[in-house]
Amino acid sequence: MIKALKALSALLTYPTAELQLAAGEISEAIENDAAISFGVRNQLHRLLTELATDDLYDLQERYVLLFDHSRSLSLHLFEHVHGESRDRGQAMIDLKAQYEKAGLFLSAAELPDFLPLFLEFLSTLPAQEARDMLGQPAHILAAMAERLRKRGSPYEVVFRALVALAAAKPKEDEVSALLALPDPDASDFVALDAAWEDEQVTFGPGASDGCKDGLIARIRGGLRPAPDMPAAAAHTVPPRQ
């Protein structure tokens, strides 16, 4: 499972020549994980073939249109959880502290809720602990899979695989609540502007306390997405002893 998490993390990163060169290694990691069903593995291989052989510029353009232009498909997990409340900053701090405890130290440009980074962090943990933590945002992953299915995107299968690997399965009502939120097409610029409109920052007695413990409270504590944030930069994960 650990190698599969690294492979799925790689599949969700911005397409590069380095990613294309690593296609064989990623394919092997996927094929050797029996926790991923045969059908899902085949679909992952088809996505990997596309990433390895299609024109790199086209791959990058499709990636940006999906994950950077659409708030409902943001790869930053807390955008699907917190609005512009103070909880978001505290959630980032708490998750970053969990990374550092596991020996993963981020650069100043990195955001801890970036899904590929979160998956790489999980790959440093024992398998059962990784499965437990992956179950915490499972409803977000399931909702994103469904949105990608409606778009006919081959990236859907990555999210299906993550849900399959998670210890806890997503609750239908939580997935439905996310799917009820606006999901404009990347070419509908008016709708996109409305979806990305800044929300009011909330402080004082009516604001959330921001003191809940654990990632599960952060991921499941709300359903409002939050505004766009810059993509994460490269990072280093020390080898697990």
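The values are calculated or read from the model by the stated rules, or taken from the named source; none is laboratory data. Note that this is a predicted model, so its numbers are computed, not measured. Here the Cβ positions follow ideal geometry from the backbone for every residue, glycine too, while neighbour counts run over all protein chains shown.
Out of curiosity, is E120 charged (D, E, K, R) and touching a His at 6+ places or on another chain (Cβ under 9 Å)?
Numbers: charged (D, E, K, R): yes; touching a His at 6+ places or on another chain (Cβ under 9 Å): yes.
Criteria met by E120.
Residues of the range 122-141 that are buried (at least 23 other Cβ atoms within 10 Å of the Cβ) and of a type outside the set (A, V, I, L, M): P137, H139. Residue pairs whose Cβ atoms lie under 6 Å apart, sitting 6 or more positions apart in sequence or on different chains, and linking a residue in the range 63-82 that is over 20 Å from E110 (Cβ atoms) to a partner that is outside any helix (DSSP H, G or I) and not basic (K, R), are L65/A186; H69/A186; S70/A186; R71/W196; R71/P225; S72/D183.
Taken as a whole, the structure leaves A10 outside the set of residues that are in contact with a Lys or Arg (Cβ under 6 Å, 6 or more places away or on another chain) and surrounded by 13 or more Cβ atoms within 10 Å (Cβ to Cβ). Only one of the listed residues (F114, F118) is among the hydrophobic types (A, V, I, L, M, F, W, C), closer than 20 Å to L44 by Cβ and buried (at least 18 other Cβ atoms within 10 Å of the Cβ). That residue is F118.
Of the residues that make up the range 1-16, is at least one part of a helix (DSSP H, G or I), among the aromatic types (F, W, Y) and on the phi < 0 side of the Ramachandran plot? No, there is no match, as no residue in the range 1-16 is part of a helix (DSSP H, G or I), among the aromatic types (F, W, Y) and on the phi < 0 side of the Ramachandran plot.
Out of curiosity, is S74 at pLDDT below 95, crowded, with 18+ Cβ neighbours inside 10 Å, over 22 Å from E129 (Cα atoms) and more than 13 Å from the chain's Cα centre (by Cα)? Judged against the criteria, S74 is not a match.
Answer with yes or no whether L65 is of a type in the set (A, V, I, L, M, F, W, C) and crowded, with 18+ Cβ neighbours inside 10 Å. Reasoning before the result, please.
Details: of a type in the set (A, V, I, L, M, F, W, C): yes; crowded, with 18+ Cβ neighbours inside 10 Å: no.
No, not satisfied.
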